[in-house]
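Please read the structure below before turning to the comments.
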Amino acid sequence: MLPGITFKEKESPAPTDQKKGLLSSFPAVSFLHKESSESELLYQKGIATIRDLIAPPAIRLGPNTMQIGEVLSRTYFVITYPRYLSTNWFSPIINIDFAMDIALYVHPIDTAEILKNLRKSATQVQSQIHIESEDGKIRDPMLETALEDIEGLRDRLQQGTEKFFRFGLYMTLYGSDEKDLNQKCQAVEAILEAQLVYTKPAVMRMDNGFAATRPLANDVLDVANNLNTEPLSTTFPFVSSDLSSNEGILYGINRHNNSLVLFDRFKMENANMVVFAKSGAGKSYTVKLEVLRSMMFGSSVIIIDPENEYKHLCEAVGGTFLKVSLNSDVHLNPFDLPKKTGGDDDEDNEGIFRNTIANLIGLLHLMLGAISPEEDSIIDRAIREAYAIRDITERSDFSLFTASSFPTMSDLYAVLQNMEGAESLSARLERYTEGIFGGFLNKQTNVETNNQLVVFNIRDLEEELRPIAMYIILQFIWNEMRTNMKKRIIVVDEAWVMMQNEDAAAFLFGIAKRCRKYYTGLTTITQDIGDFAASRYGKPIITNSSMQFLLRQSPSSIDLVAETFYLTDHEKFLLLESNVGEGIFFAGSKHAAIKVIASYSEDQIITSDPRQLLEIEQAKADFDSGV
């Protein structure tokens, strides 16, 4: 047993040997840990940081430019300002159509120190004035103006109504090459120099200029001018009108600040709107979008469509499309009378009757041409006689009459034939009753306007008849407005056609002036502002419209537009350079640049693009045929 025990005693240190083995392995573990740390360090060095991602591959610093990667930059600072700075003078630079970085640094200065310096300056200027006066020299306006400015500033600083600052304004411009950069720099210099604001490039300090225009609030360039509160406030860069209201429809996006232009035209002093734009600028598209969105809020709409632009919209919303032409089954009788009246100033039957006769006389002026005062009197008596033949007088109850109760143009023609001195009038009226235009306005009304959207299309009428048709349709609408008062929008496209005739223009102006009382808004659209403004009723229609929409204009008409709407040079430039659907939106005393935006579904309904319309028609045909 002893040898065995001895054997066991010899083997018993085995655990100690294991421990020794484990202890001997610690240096190897330490070596592996050290190797792992170095690998981790190398791995971390290989990870790209945000700084690595945004840093350029290289920077080259020149005396007048700084190249950052493949882009050239140049920094400018403002060295002098004019005596007066107008509000929003810096807006053309803020809204310029290429990228730049702008930094504004405002360093307050102790008022007591400035007052001390201004007192010294005032003493020096006053002394110079006295010296020149004693020498017998005439007064120097520059010295007197300087003294006046110093004393005025001292008063305001002492009263605490103004503060004094050192103001630095830096701009870093970027270009793909030297030529591109120079063109942009010249454009900025031209805009500022036109306002007597002069700049200089940061020569030999381009790196400081670039650093000063980073969003780090570090004015390393430190080139500043002394400004008090009033001129400093004009440099505020975000001056734009906010046309958003709590209710209404979306007209577009404010191009100044990307806010929504929401407005309810019926909440204004009147609901009238005028739209001016050159052909293809998107005026019909804009109006159709407003019509579609207004219908969603319960407005009824009646449109006079001279160019068949509203047919697709009318069909899409299930409206009533009425085609007015010489061979059409649609008839409107200008002798119709409203059945009842609404509005704030309910008229009696006598007033309605006389107003209708006056409108008919205006229509006959349009149809027959030049009419003498004697012929006017004959027409007045003839119209009354035509009504009397149908037992209609100013004392009649108009609510009892139907469409067949009223006389027609043939009745008036028959009366004129039997009146002494009316031979010329009856001869000229004959072509509208028995001649080539017979049937166009010589029958009783057979039109119903119960639909939410009604479109009167006059595309197929001869040019000579278009103003007559627009007049008759407007007279029909006027009767509808007075008979059934409800929230309604009237759209007159190509309104310049009516403005060419004084009687038609006067009638349109009368509707624009009075439709507010019948909860109606009139929208007049035209591309020829010259014909519109040439009429003595054109400007009053514009001033009687609380909303105005100016889209892209042609160079030939921009001066007249600017004169009519009192536009600034920047606003003129904006209208000349606007894309389709872009322009200026006026709402009361506010106005802002706007961009009209429609959703895809709205665009499919209101588009006027022939290519899109053909695609829609083809898709509809394929769907109907089951393709």
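The values are calculated or read from the model by the stated rules, or taken from the named source; none is laboratory data. These numbers come from a predicted model, not from an experiment. Glycine gets a Cβ as well: all are built from the backbone with ideal geometry, and neighbour counts include every protein chain shown.
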Inside the range 518-539, the number of residues satisfying the requirement of being over 20 Å from Ile303 (Cβ atoms) and either at pLDDT 90 or above or among the aromatic types (Phe, Trp, Tyr) (or both) is 1
Cβ pairs under 7 Å, 6+ apart or interchain, first in the range 374-394 and aromatic (Phe, Trp, Tyr), second buried (at least 17 other Cβ atoms within 10 Å of the Cβ), ordered by first then second residue, are Tyr387/Pro407
Taking only the range 383-401 into account, find how many residues are surrounded by 17 or more Cβ atoms within 10 Å (Cβ to Cβ), over 49 Å from the mean Cα position of the chain (by Cα) and not charged (D, E, K, R). 2
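Matching residues to (1) over 30 Å from Gln67 (Cβ atoms); (2) out of contact with any helix residue (DSSP H, G or I) (no Cβ under 8 Å at 6 or more places or on another chain); (3) basic (Lys, Arg):
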site: Ile93; (1), (2), (3): no, no, no
site: Ile131; (1), (2), (3): yes, yes, no
site: Arg139; (1), (2), (3): yes, no, yes
site: Ile150; (1), (2), (3): yes, no, no
site: Asn182; (1), (2), (3): no, yes, no
In the range 605-616, which residue that is touching a His at 6+ places or on another chain (Cβ under 9 Å) and in a helix (DSSP H, G or I) is nearest to Arg255 (Cα to Cα)? Ile606
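For every residue, the table says whether it meets (1) modelled with pLDDT of 75 or more; (2) closer than 30 Å to Leu196 by Cβ; (3) assigned by TED's automatic domain parsing to the domain that holds Glu189.
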| site | (1), (2), (3) |
| --- | --- |
| Ala14 | no, no, no |
| Lys20 | no, no, no |
| Phe31 | no, no, no |
| Ser36 | no, no, no |
| Leu42 | no, no, no |
| Ala48 | no, no, no |
| Ile54 | yes, no, no |
| Thr75 | yes, yes, yes |
| Ile79 | yes, yes, yes |
Of all residues making up the range 558-590, the number that are crowded, with 18+ Cβ neighbours inside 10 Å and not in a helix (DSSP H, G or I): 9
State all residues of the range 181-216 that are in a loop (DSSP other than H, G, I, E, B) and either touching a residue at least 12 places away in the same chain (Cβ under 8 Å) or touching a Phe, Trp or Tyr at 6+ places or on another chain (Cβ under 8 Å) (or both); if no residue qualifies, say none. Gln195, Leu196, Val197, Ala202, Val203, Met204, Arg205, Thr213, Arg214
Of all residues in the range 402-436 being in a loop (DSSP other than H, G, I, E, B) and hydroxyl-bearing (Ser, Thr, Tyr), the one that is surrounded by the fewest Cβ atoms within 10 Å (Cβ to Cβ): Thr402
Whether any residue in the range 358-380 is farther than 23 Å from Met470 by Cα and at pLDDT 90 or above is what I want to check. yes
Among (1) within 27 Å of the chain's Cα centre (by Cα); (2) assigned to a loop (DSSP other than H, G, I, E, B); (3) without any contact (Cβ under 8 Å) to a residue 40 or more places away in the chain, which single condition is Glu494 missing? (3)
Which number in (1) more than 17 Å from Ser233 (Cβ to Cβ); (2) in contact (Cβ under 8 Å) with a residue 60 or more places away in the chain; (3) in a loop (DSSP other than H, G, I, E, B) marks the one condition that Ala103 misses? (3)
Scan the range 487-500 residue by residue and report those that are surrounded by fewer than 19 Cβ atoms within 10 Å (Cβ to Cβ) and modelled with pLDDT under 90. Gln500
Here are the criteria: (1) closer than 30 Å to Lys339 by Cβ; (2) free of Cβ contacts under 8 Å to residues at least 60 places away in the same chain. Tell me which single one Thr408 does not satisfy. (2)
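Matching residues to (1) surrounded by 12 or more Cβ atoms within 10 Å (Cβ to Cβ); (2) part of a helix (DSSP H, G or I); (3) touching a strand residue (DSSP E or B) at 6+ places or on another chain (Cβ under 7 Å):
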residue	(1), (2), (3)
Leu115	yes, yes, no
Ser121	yes, yes, no
Val125	yes, yes, no
Gln128	yes, yes, no
Glu132	yes, yes, no
Arg139	no, no, no
Glu148	no, yes, no
Leu169	yes, no, yes
Under the condition of being under 21 Å from Tyr84 (Cβ atoms) and in a loop (DSSP other than H, G, I, E, B), which residue from the range 217-249 is modelled with the highest pLDDT? Ala224
Any chance the range 321-340 includes a residue that's under 18 Å from Ile490 (Cα atoms), among the polar types (S, T, N, Q) and surrounded by fewer than 21 Cβ atoms within 10 Å (Cβ to Cβ)? no
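What tally of residues in the range 591-604 results from selecting those that are touching a strand residue (DSSP E or B) at 6+ places or on another chain (Cβ under 8 Å) and either assigned to a helix (DSSP H, G or I) or under 22 Å from Thr543 (Cα atoms) (or both)?
Looking only at that region, the number is 4.
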Pair list, Cβ under 6 Å, 6 or more apart: the range 153-175 residue assigned by TED's automatic domain parsing to the domain that holds Asn95, other residue basic (Lys, Arg) and in a strand (DSSP E or B): Leu173/Arg74
